[in-house]
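Presented below is the structure to which this report refers.
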Amino acid sequence: MTSNLAKAGWRFKQPSVIPGFGMTLGFTLAYLALIVLIPLTGLVLRSASLGFPGFWHVATDPRTVNALRISFGTSLIAAVINVIFGVIVAWVLVRYRFPGRRIVDAIVDLPFALPTAVAGIALTALYSRNGWIGRWLDLIGIKVAFTPIGITIALIFIGLPFVVRTVQPVMEEIRKEVEEAAATLGANRFQTITRVLLPGLQPAILTGFALAFARAVGEYGSVIFIAGNLPYVSEIAPLLIVIRLEEFDYAGATAIATIMLLISFFMLFVINLIQAWSRRRYGYGA
């Protein structure tokens, strides 16, 4: 049977000039188990102590449902907006040379280095009723601070670099000659973007979207200041988990966290399926 598998080309361990497969695989599995699998398993087991009726009661509680809706809804909207404008920012940084380009490129990474609490305070100061921007929006009846709109703005702020830094390297590999060839064949700018550029960028765009969305769902520091934390209005799920912990309701907190974990895993799984389809469809990646 071993010989038949060998003839069929099946290998558990692919031949490589670099030794150490067993050691590195063992380290990888142990690292993932300690850092990811064991904590998540403990989370699920702790929430299981409620039993299915108790878990279902927490999951269907109106306050929990509303907090999850706000967290995932604002995260989805922010990720979509970041995809649109993140691709534009990456395009400008890759395709054009202008004074101050390096400064703009560095500013993109600012949300990575800036403490989230500082970002939340700054955004609240800008978009509150007395803020530089909020006072003008208030004149036309738009309230940003202490509403889901403010949460979305905070999530856009912290998620934009993920899209830009994911799309930018792939965009740099697309040579200008490809666009020029499309133009010589009669394609207009819209056709060049939709039929030549976007297919090659689609896997990177989906990756940036997934990263921005995942980052936004779990965001806490930059949101709690501008959200106002009003139950049923602007209360996010991570804050509700903290509230349950402060009430010593550990099982309820882990139940909400488990629900967030399941929803996030399902959405990221769907995104990965779309990425795999995109690579097969357009022939990018293995």
* **Order by protection proxy (mean Cβ within 10 Å, highest first), peptides 30-36, 227-233** => 227-233, 30-36
* Karplus 3J(HN,Hα) series, Hz, for the range 116-125 with 6.51 cos²θ - 1.76 cosθ + 1.60 (x for Gly, Pro) -> 4, 5, 5, 4, x, 5, 5, 5, 5, 5
* Using r as the Cβ-Cβ distance of Val242 and Glu177, and R0 as 45 Å, what FRET efficiency do you calculate, to the nearest 0.05? -> 0.25
* Structure fact -> Calc'd 3J(HN,Hα), the range 38-55, phi into Karplus 6.51 cos²θ - 1.76 cosθ + 1.60 (θ = phi - 60°), Hz, glycine/Pro = x, comes to 5, x, 5, 5, x, 4, 5, 5, 5, 5, 5, 5, 6, x, 4, x, x, 4
* Structure fact -> Ile153 neighbourhood, Cβ < 14 Å, K/R = +1, D/E = -1, net charge 0
* Whole-Hz Karplus ³J(HN,Hα) for the range 222-227, in order, using 6.51 cos²θ - 1.76 cosθ + 1.60 and θ = phi - 60°, x for Gly and Pro? -> 7, 9, 4, 6, 7, 6
* **Extension gain, Ile140 back to Tyr232 (0.36 nm per residue minus Cα-Cα distance, nm)** => 30.7 nm
* If eta is 0.890 mPa s and T is 25 °C, what Stokes-Einstein diffusion coefficient results for the range 36-282, Kirkwood Rh from Cα pairs, in µm²/s? -> 122
* Asked: Which loop-located trypsin sites (Lys or Arg not before Pro) does the range 117-217 contain, where loop means any DSSP state but H, G, I, E or B and the Cβ has at most 11 other Cβ atoms within 10 Å?
  -> Arg175
* Could you size up the charge dipole of the chain around its Cα centre, putting +1 on the beta carbon of Lys and Arg and -1 on that of Asp and Glu, and report it in debye to the nearest 20? => 820
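Read-outs: derived from the displayed coordinates by stated rules, not from any lab. From a predicted model like this one, the values you see are computed outputs, not experimental measurements. Neighbour counts are summed over all protein chains in view; Cβ atoms, including those assigned to glycine, are modelled from backbone coordinates with ideal geometry.
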